[in-house]
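The values are calculated or read from the model by the stated rules, or taken from the named source; none is laboratory data. As the structure is a computational prediction, the values presented were derived from the model and not from experiment. Glycine also receives a Cβ, built like all others from the backbone with ideal geometry; neighbour counts cover every protein chain displayed. To get the accessible areas, we keep the full protein, side chains included, count just its heavy atoms, and leave off ligands, DNA and RNA. Shrake-Rupley method; radii C 1.70, N 1.55, O 1.52, S 1.80 Å.
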Amino acid sequence: MPLPLALGLIGTGAVVAHTGPALMPLMPPLAKAFGVPRTLPGEPAPQAVAITFDDGPHPEGTPAVLKILADRGIPATFFLVGERVRANPTLAAEITAAGHRVALHCDQHRNALRLTGHQIRDDIARAQETIHAATGVECDLQRAPLGIYTPAFLRAVKQAGLKPWLWSQWGRDWRTRATPESIIKDASESLVAGDVVLLHDGDDYSSKGSHLNTVKALPGILDAVQTRNLDPVVLP
Ligand SMILES: [Zn+2]
């Protein structure tokens, strides 16, 4: 991809948006141009949806989310942060032991627009090592912090053997003013087969205590999934 795509992202105000106290994940308008999938492939499960969690593991949020998912027998995909795995290695192992899919978010939660190619490659490698040490999993999926990919970042992701994956629905649960009701509405109002839903099981990179709202909202989101006869799956 040519450099102007990344510069185009800067032009959207993404950098300004990420200097606030709560780091706001962005849906990059250029995901399609970058060829990064946001939805599930249509086959072989046409009613499939994927529930995904970023930014964990978190000592409160992750166990609460795992309990709700276990009670309903629903699998999810967790995009882990290396530094959070080093702080909570047992929790990371519990995610995989519960049958969920573990994927790579980053090692430190930084905006790729501010990193050199070397820093990006180093970040990915450290996260891979950390997640493997804690869970035994060799990650093959990755999602960019804040949803921001640059051409250099995408190159590094693919060279590391990872497939990038974004999302098509989100609960906007990182926001200070999010409520359980707003999260349910944002995540499920227009939920259809093929969607990938972004939530956060930790508050380390978002509004303080935001995971509490996510945990309260999760049953309502899963109700919407079941009411619409959708079939929760992990990312392929
Ligand atoms: Zn994140």
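A few notes on this one:
- Single condition His58 does not satisfy, out of (1) touching a helix residue (DSSP H, G or I) at 6+ places or on another chain (Cβ under 7 Å); (2) crowded, with 21+ Cβ neighbours inside 10 Å; (3) closer than 17 Å to Tyr149 by Cα: (3)
- Matching residues, segment 121-167, being surrounded by fewer than 21 Cβ atoms within 10 Å (Cβ to Cβ), hydrophobic (A, V, I, L, M, F, W, C) and in a helix (DSSP H, G or I): Ala125, Ala133, Ala152
- For the criterion of being over 13 Å from the mean Cα position of the chain (by Cα) and modelled with pLDDT under 95, Leu222 fails.
- When segment 62-114 is filtered for residues that are open to solvent by 40 Å² or more (accessible area, probe 1.4 Å) and within 16 Å of the ligand (Cβ to nearest atom), the ones remaining, listed by number, are Glu83, Arg84, Ala87, Gln108, Arg110, Leu113, Arg114.
Condition check ((1) out of contact with any helix residue (DSSP H, G or I) (no Cβ under 6 Å at 6 or more places or on another chain); (2) more than 16 Å from the ligand (Cβ to nearest atom)) across all residues:
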{"residue": "Gly194", "(1), (2)": "yes, yes"}
{"residue": "Val197", "(1), (2)": "no, no"}
{"residue": "Gly202", "(1), (2)": "no, no"}
{"residue": "Lys216", "(1), (2)": "no, yes"}
{"residue": "Val234", "(1), (2)": "yes, yes"}
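- Among the candidates Ala112, Ala160, Ala152, residue that is modelled with pLDDT of 95 or more and more than 18 Å from Ile51 (Cβ to Cβ): Ala160
- On inspection, Asp140 passes the criterion of being away from the ligand (no atom under 16 Å from the Cβ) and at pLDDT 95 or above.
- For first residues located in segment 115-144 and under 14 Å from Ile95 (Cα atoms), partners that are open to solvent by 20 Å² or more (accessible area, probe 1.4 Å) and of a type in the set (A, V, I, L, M, F, W, C) and lie 6+ apart or on another chain with Cβ distances below 7 Å form the pairs Ile131/Val137; Ala134/Ala93; Thr135/Ala93.
- Test for Pro41: is it away from the ligand (no atom under 16 Å from the Cβ), more than 15 Å from the chain's Cα centre (by Cα) and either assigned to a loop (DSSP other than H, G, I, E, B) or under 21 Å from Phe153 (Cβ atoms) (or both): yes
- Selected residue [open to solvent by less than 20 Å² (accessible area, probe 1.4 Å) and out of contact with any Cys (no Cβ under 9 Å at 6 or more places or on another chain)] from Val215, Val196, Val192: Val196
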